[in-house]
Amino acid sequence: MSREPVDLLALCRGIAASAAPGEEIEAFAVRTRETDIEVFGGHVESLSVAGIDGVGVRVVANGRQGFAWAGSLDDDVVRDTVADARDNATFAEPDEWSGLATEADVAGVERARLDLWRDDLLAVPTEAKVAFALELDRVLGAADARLRAVESASYGDGAVETALANSHGIEASLRRTVCSASASALAGEGDRTQSGYGFSVGRTFDELNLDAIVAMAVERTTRLLGARQVPGRRLAVILDPLVTASFLGVLSAAFNGESMLKGRSLFQGREGEQIAAPGVRLVDDPTDPTMMGATPHDAEGVPCRRNELVADGVLQRFLHNTATARRAGCATTGSATRGGFKSTPGVGIRALALESGPKSPAQILADAGDALYVQSVSGLHSGTNPISGDFSVGAEGLVVRDGAFAEPVREVTIASTLPRMLLDIVDIGSDLTRLPGSTAGQTVLIAEMTMSGS
Amino acid sequence: MLVDPGLLEATLTTALAGGGDFAEVFVEDRRSSSARLDDGRIEELVSGRERGAGVRVVRGETTGFAHTSDLGPAGLADAARAAASAAAASATGTTRQVALGGPGREATPDVVVLPESVPKATKIEMLKRADDAARSEGGAIRSVSAGYAEGRRRILVANSDGLIASDDRIRTRFSVQAVASGDAGMQTGYDAPGRTMGFEFYDEFAVDEIARRAARQAITLLDSVPAPSGKVPVVLKRGAGGVLFHEACGHGLEADLVERDASVFAGKVGERVAAAGVTLIDDGTFAREWGTFAIDDEGQPARSNTLIDDGILTDYMWDLVRARKAGRVSSGNGRRETYQELPMVRMTNTYLAAGDTDPEAIIADTDFGVYCVQLGGGQVNTATGDFVFGVTEGYLIEGGKITRPIRAAQLIGNGPAALRDIDAIGNDFATWTGMCGKSGQSVPVSSGQPTLRVGGLTIGGTAA
């Protein structure tokens with residue numbers, strides 16, 4: 001590119017140093033470089049090579065917080081952005097708990113040394129990435145006679161650099177790479193069509209497994225061929241690892257300290273109580289480098305740590321950033337998250353998973369006997385009331401009879417409540433599956449749910 | 001003009017220097033501002049700005065794309081070269097000089113009051129008014145959050161066909177969420193209208209009305225009973241069900257999905273796909289609606305397109321590149337979230353046209369069923385047409401009368417089947433404001449419909 005790349009940490013330091021007396025300033029800057037390739041019908045449909053720079057500035061004065069962001073790191077834009085944030089702060093109402101991370105917040109927890117950056121990803125020529133995506137399309141198309149078409153095959157990677165500095169002297173910077181590929185297949189005709197996808201994810205190109213993507217897409221597409229609606233009843237349900245991960249994503253709001261303080265958590269005031277079946281352990285551990293959401297520090301520059309949310313079925317704690325921790329009278333759990341440079345830090349998970357059990361998925365099926373195996377759910381966010389925990393979601397999958405897969409099922413809903421589901425956990429599989437997002441999942445057997453169908 | 005026409009010509013010429021069938025520069029300048037009240041307190045004001053350009057080069061079947069936040073000659077030339085090399089690293093071609101047409105028409109937005117000209121204090125005061133109004137509905141209201149949002153997006157598109165066109169879009173939206181608490185737990189109510197308008201939006205939409213509606217919904221649901229399960233007739237109140245047809249039918253009519261054979265509507269133009277009387281329209285020119293614009297994000301004029309006419313499938317929705325391949329004109333449905341992404345086929349304002357039945361009569365004619373007043377988000381598998389929607393406000397219909405509110409209900413069904421199963425169409429109409437996501441890009445859309453009845457949809461409730 002024509003311009004020298006800006007030193008992100010130096011830029012953030014400069015902004016933080018412009019704080020007036022009585023004013024706190026935090027700057028968070030991001031630079032990403034991404035490649036995205038879409039293949040369709042044996043040719044490259046699109047190839048995009050792009051980068052984004054941006055900065056978000058938070059100003060706190062007299063307990064009032066203002067924020068502004070810009071998709072540019074140019075000096076004049078940055079100056080205007082700081083001025084906007086300062087002006088916005090004058091209109092907010094004071095909050096005695098607002099403020100930025102201080103030395104006290106970062107003390108006591110060692111910053112994990114995580115190796116999340118792979119130089120070799122940046123050295124892979126675009127041609128090799130294109131060849132991978134084309135090969136994925138070709139191999140999937142020829143993998144199984146029952147497949148009608150490859151709906152899509154794609155490759156994507158990104159190199160992300162972030163920096164943060166605030167006027168209390170807190171600083172943090174991070175570099176990480178990520179690389180993924182996925183493909184989706186179609187089988188069956190007309191309104192009997194089924195689609196299914198497979199994916200692979202890693203920190204660099206060599207970690208992608210083309211054969212695994214193909215095998216996954218073939219299995220998930222073909223085993224649903226001929227799926228039909230079945231009569232509703234109450235029955236045991238086995239969640240696919242991807243479905244478990246999706247449910248954990250929805251459930252995570254219940255452990256959010258900000259929701260808890262606003263009276264919107266399912267588990268309000270229930271620390272120390274049994275909220276899940278005995279033996280269930282639920283952990284958010286961003287310092288585990290095998291999780292794709294891993295990071296040594298959170299969105300305020302506070303070191304991340306392993307947070308046990310549920311141990312032996314008992315609620316241990318809520319997650320906090322510095323502001324919610326101050327209000328709750330506890331310490332931050334290093335759980336500040338932000339949706340890029342365009343938003344202020346909230347509270348969130350990064351690497352949430354249940355602790356695996358000893359059984360393989362096959363053993364879980366065998367022990368369940370009769371159940372509904374749920375391969376995918378739809379409408380999980382719209383179908384779940386995060387406050388009451390009631391949920392009813394669309395599902396497709398397979399009937400499990402005598403411990404083995406039987407006929408495929410579509411157009412049914414499964415319903416229960418999130419608290420009930422946690423208490424109804426019977427088995428957690430040994431097959432922890434890591435996903436591009438902030439959760440991971442195993443095959444999980446739930447004692448009972450209501451299935452609605454024909 | 002965001003970028004001088006001479007520089008656009010030079011950028012397009014650079015983009016095609018190594019050959020290529022088509023090149024385009026999309027320039028954008030975006031400003032947004034929002035404020036949020038939660039728990040009775042103005043939490044935060046946020047301002048954002050973004051500007052840049054995306055360059056794409058189409059060569060054969062391949063599109064190369066790159067973008068830059070540097071609108072100067074060096075930044076644009078770099079992006080043009082990157083897009084060109086992405087489109088075709090190996091092929092060779094002839095150089096083309098691009099000349100743009102006459103000076104593009106500067107769009108003049110139909111806006112009375114620019115939101116950015118209104119003092120921040122006025123906007124803050126509106127949030128507090130909403131908070132008061134929601135709480136005035138009753139002591140059961142436990143908490144209220146309210147959001148103010150304004151956005152301005154100026155775009156400029158130039159391409160190697162000589163096109164140069166611009167648009168200036170100003171959007172305004174206000175949202176309120178209320179939580180009520182009762183013996184059987186907590187319930188939420190939500191309302192969030194938005195329009196492609198300036199601050200005069202608030203002459204039409206009073207913030208206290210928006211707030212009271214959200215609060216009343218939450219309070220009503222406190223008395224709700226668990227929803228039944230099974231296949232029942234479903235009456236969708238005007239405005240409530242447009243989103244269902246957007247998801248379950250509209251997406252399947254997007255030419256990119258049809259081309260991939262990932263739509264149940266592929267190959268069905270001219271065939272009956274819906275009950276007689278069902279007419280589905282996508283209209284980017286719908287005055288002041290949330291999904292309205294003068295030109296789409298490929299510089300093509302917005303149009304009103306009839307997709308299903310009296311039950312017969314008449315056409316799909318198209319973007320420029322797919323329309324060129326098919327030898328036809330774009331339907332004005334090429335959209336992108338920002339300059340950082342490629343455009344694709346997207347809906348605008350999608351609605352089912354009104355019929356001639358009295359909506360009251362539709363309910364009176366239903367012995368047992370569910371009356372949906374508001375749907376939450378939904379999801380559809382376009383390959384099968386299967387959809388699922390959360391019912392955020394719904395009631396039982398018993399003996400032709402609306403009786404008790406229901407909770408935790410999910411509607412599931414199949415888009416084409418639901419279209420064929422519409423057996424009553426009301427003579428009323430309303431629209432709904434939303435954001436539509438596709439392949440990671442989110443764009444503003446609206447949907448609409450008269451009160452209508454679908455003969456049978458599966459409702460998945462929690463009643464035993």
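What follows draws every value from the coordinates through simple rules; no lab data is involved. These numbers were taken from a predicted model, which means no experiment stands behind them. Every residue, glycine among them, receives a Cβ derived from its backbone with ideal geometry; neighbour counts consider all protein chains shown.
Its relative contact order, with pairs defined as Cα atoms under 8 Å and 6+ residues apart, puts the stretch B:166-217 at 42 percent. Estimated purely from DSSP H runs of n ≥ 4, each contributing -39500 (n - 2.57), the mean residue ellipticity at 222 nm for chain B is -5500 deg cm²/dmol once divided by its residues. The mean number of partner chain beta-carbon atoms within 10 angstrom of a residue's beta-carbon across peptide A:373-379 is 4. If you line up the long axis of helix B:5-15 against the longest principal axis of chain B, both from Cα atoms, how many degrees apart are they, to the nearest 10? The angle comes out near 80 degrees. For the stretch A:8-110, the Kirkwood hydrodynamic radius from C-alpha pairs, put into Stokes-Einstein at 25 °C and a viscosity of 0.890 mPa s, yields a diffusion coefficient of 155 µm² per second.
Compute the Rg to Rh ratio over the stretch B:346-439 from the alpha carbon atoms, using the Kirkwood formula for Rh, and round to two decimal places. Each step should come with its number before you reach the end.
Working: Rg = 14.5 Å, Rh = 15.0 Å.
Taking Rg over the Kirkwood Rh, I get 0.97.
I need the shape label for chain A. Rule: rounded when a/c is under 1.5, else prolate if a/b > b/c, else oblate, with a, b, c from the alpha carbon gyration tensor. Present the calculation step by step, with values, prior to reporting the outcome.
Details: a/c = 2.27, a/b = 1.35, b/c = 1.68.
Taking the square roots of the gyration eigenvalues as a ≥ b ≥ c, chain A is oblate.
Remark: the stretch B:230-460 projects, on average over all directions, an area of 11.6 nm² (convex hull of Cα atoms). Counting only Cα atoms, the size of the stretch B:129-286 along its three principal axes is 61, 45, 27 Å, in decreasing order. Once you treat every alpha carbon in the stretch A:233-452 as an equal point and sum by Debye, what is log10 I(q)/I(0) at q = 0.11 Å⁻¹? Taken in order of the listed q values, log10 I(q)/I(0) reads -0.52. Angle of helix B:73-87 to the longest C-alpha principal axis of chain B, folded into 0 to 90 degrees and rounded to 10: 80°.
Working from the Cα coordinates of the stretch A:8-222, the gyration tensor eigenvalues give, after taking √(5λ), semi-axes of 46, 18, 17 Å in decreasing order.
The mean number of partner chain beta-carbon atoms within 10 angstrom of a residue's beta-carbon across peptide A:64-72 is 6.
Here the spin labels are modelled as points 7 Å beyond Cα on the Cα-Cβ line, and at residue B:21 and residue A:317 they lie 5.9 nm apart.
Need one word for the protein assembly as shown: rounded, prolate or oblate. Basis is the Cα gyration tensor (sqrt eigenvalues a ≥ b ≥ c); a/c below 1.5 gives rounded, then a/b vs b/c decides. Write out the running numbers ahead of the final one.
Numbers: a/c = 1.19, a/b = 1.08, b/c = 1.11.
Rounded, since a/c falls under 1.5.
Just counting partner chain Cβ atoms within 10 Å, what average do the residues of peptide B:424-430 show around their Cβ? Walk me through the numbers on the way to the answer.
Details: counts 0, 0, 0, 0, 0, 0, 0.
Mean partner-chain Cβ count within 10 Å for B:424-430: 0.
Listed peptides A:365-373, A:118-126 appear in the order A:365-373, A:118-126 once ranked by packing, highest mean of other Cβ atoms within 10 Å at the front.
I need the shape label for the stretch A:3-42. Rule: rounded when a/c is under 1.5, else prolate if a/b > b/c, else oblate, with a, b, c from the alpha carbon gyration tensor. Write down the numbers at each step before the final one.
On the way: a/c = 8.14, a/b = 3.17, b/c = 2.57.
Prolate shape, in that a/c is at least 1.5 and a/b is the bigger ratio.
Note that the stretch B:231-349 carries a Kirkwood radius of 14.9 Å, evaluated over its alpha carbons pair by pair. Pairwise Cα distances in the stretch B:38-82 exceed 13 Å for 65 percent of all pairs. Counting only alpha carbon atoms, the long axis of helix A:75-91 and the longest principal axis of chain A meet at about 90°.
Of the peptides A:418-425, B:122-129, how do they stack up when ordered by the mean number of other Cβ atoms within 10 Å, highest first?
Working: A:418-425: 20.1, B:122-129: 17.8.
Ranked from most to least packed, the peptides come out as A:418-425, B:122-129.
One equal scatterer on each Cα of chain B, no solvent, Debye formula: the resulting log10 I(q)/I(0) at q = 0.06, 0.12, 0.13 Å⁻¹ is -0.30, -1.07, -1.20. Percent antiparallel among DSSP beta bridges with both residues in the protein assembly as shown, to the nearest 5? Bridges in the protein assembly as shown are about 90 percent antiparallel.
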